[in-house]
Amino acid sequence: MSFSVSSHEELQAIMNVTVESLAGFCGLTGGEDQQADYRSLMQQLGILQTRPMALQKKIHNEFAAKYLPALMSVYRESSGPLNAAMTMLNVISYTAYFVRFQRSSAGSDLAAIQAHRTAIDPASTLLDIDTIGEITQFLGTLLLLQGTSGITEDDKKALLSKMNKWKNIYRGTGRVAEKASERCNALLARKSGLPAGYKDVKDHIEQVVEQCGAEGCSRRQQTSGSELMQCARCKSALYCGTAHQKQAWPSHKSTCFAPTF
Ligand SMILES: [Zn+2]
Ligand SMILES: [Zn+2]
């Protein structure tokens with residue numbers, strides 16, 4: 001009897017996806033002894049994916065604004081190419097908060113760390129296609145944003161051989177692992193600069209922290225002549241002027257949070 005009561009409560013708890021519940025399962029709250037709970041985190045992220053897009057974005061952005069520094073510390077202490085902190089970083093990697101954070105000194109070595117963990121992981125060949133998809137997707141984003149200059153030659157060599165292998169194994173599957181291993185391979189193989197077509201992808205990811213946030217306005221930080229103004233609250237959205245800031249507010253307000261960094 002007590003078993004069914006507690007499992008019912010557990011089920012209720014899993015169904016209720018909040019910024020705080022995700023932080024708990026990542027091992028960020030609950031004190032010194034708090035451990036990450038990868039299985040519960042994956043369940044909650046799966047449930048969140050079935051919710052309206054606006055709610056997903058709100059939770060991802062609020063989580064990023066509040067917990068990125070703490071998540072980065074847990075990530076540093078973790079090991080292997082796949083763990084709870086890495087999965088959560090990957091999920092929020094599209095947010096303006098993440099793009100801004102990885103440019104700061106606190107997050108500037110993300111690509112090098114993830115590259116090293118992926119390079120030296122002996123179990124990589126035994127992983128399934130979805131796991132490899134997640135690992136290569138996250139590494140691809142980091143290589144695109146941070147480049148390859150922080151990665152050692154040994155790690156590059158080991159990674160290139162893995163990416164080549166995965167690229168060939170997953171060719172034609174149409175799964176994340178196919179495109180993502182191709183992306184990692186192309187970015188690692190390049191001695192300098194970005195391979196053809198990759199600048200647009202990078203621009204698209206960085207647009208959230210470089211371009212005016214009003215719909216249809218393409219003014220960017222480096223080409224606008226004058227500095228774009230920053231949203232005072234989130235320090236992550238930019239506007240070419242108060243008119244566009246006002247225009248964007250109805251859609252921006254649900255992802256605008258005061259960051260802890
Ligand atoms: Zn504008
Ligand atoms: Zn804002």
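A short reminder: the numbers here are calculations on the coordinates, not readings from a lab. All values reported here derive from a predicted model rather than from experimental measurement. Backbone-built Cβ (ideal geometry, glycine too); neighbour counts: all protein chains shown.
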Some residue of the range 65-75 being part of a helix (DSSP H, G or I), under 21 Å from Gly133 (Cβ atoms) and more than 15 Å from the chain's Cα centre (by Cα): no
Number of positions in the range 191-226 that are within 13 Å of ligand 1 (Cβ to nearest atom) and of a type in the set (A, V, I, L, M, F, W, C): 3
Residues that are of a type in the set (A, V, I, L, M, F, W, C) and more than 16 Å from Ile92 (Cβ to Cβ), drawn from the range 11-39: Leu11, Ala13, Ile14, Met15
Test for His244: is it out of contact with any helix residue (DSSP H, G or I) (no Cβ under 8 Å at 6 or more places or on another chain), more than 16 Å from ligand 1 (Cβ to nearest atom) and outside any loop (DSSP other than H, G, I, E, B): no
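Could you tell me which residue of the range 227-241 is farthest from Asn90 (Cα to Cα), considering only residues that are within 12 Å of ligand 1 (Cβ to nearest atom) and without any contact (Cβ under 8 Å) to a residue 60 or more places away in the chain?
First pass over the range 227-241, keeping only residues within 12 Å of ligand 1 (Cβ to nearest atom): 228-229, 237-241.
If we keep only those that are without any contact (Cβ under 8 Å) to a residue 60 or more places away in the chain as well, we get 228-229, 238-241.
On the way: Leu228: 28, Met229: 28, Leu238: 23, Tyr239: 26, Cys240: 29, Gly241: 32 Å.
Residue satisfying both the conditions and the ranking: Gly241.
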Residue match in the range 163-170 (condition: over 18 Å from Asp121 (Cβ atoms) and not hydroxyl-bearing (Ser, Thr, Tyr)): yes
Pick from the range 196-228, criterion charged (D, E, K, R) and within 16 Å of ligand 2 (Cβ to nearest atom), ranking: nearest to Leu139 (Cα to Cα): Glu210
Positions within the range 229-247 being crowded, with 20+ Cβ neighbours inside 10 Å and more than 10 Å from ligand 2 (Cβ to nearest atom), in sequence order: Cys240, His244
Identity of the residue in the range 180-223, small (Gly, Ala, Ser), within 25 Å of Leu159 (Cα to Cα) and touching a residue at least 24 places away in the same chain (Cβ under 8 Å), that ends up surrounded by the most Cβ atoms within 10 Å (Cβ to Cβ): Ser181
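Among Ser105, Ser93, Ser79, which is the only one that is in a loop (DSSP other than H, G, I, E, B) and more than 22 Å from Ala23 (Cα to Cα)?
Going through Ser105, Ser93, Ser79 in turn, the sole match is Ser105.
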Filtered residues of the range 32-51 (kept if part of a loop (DSSP other than H, G, I, E, B) and not polar (S, T, N, Q)): Glu32, Asp33, Ala36, Asp37, Arg51
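Quick one: is Pro250 more than 8 Å from ligand 2 (Cβ to nearest atom) and free of Cβ contacts under 8 Å to residues at least 12 places away in the same chain?
yes
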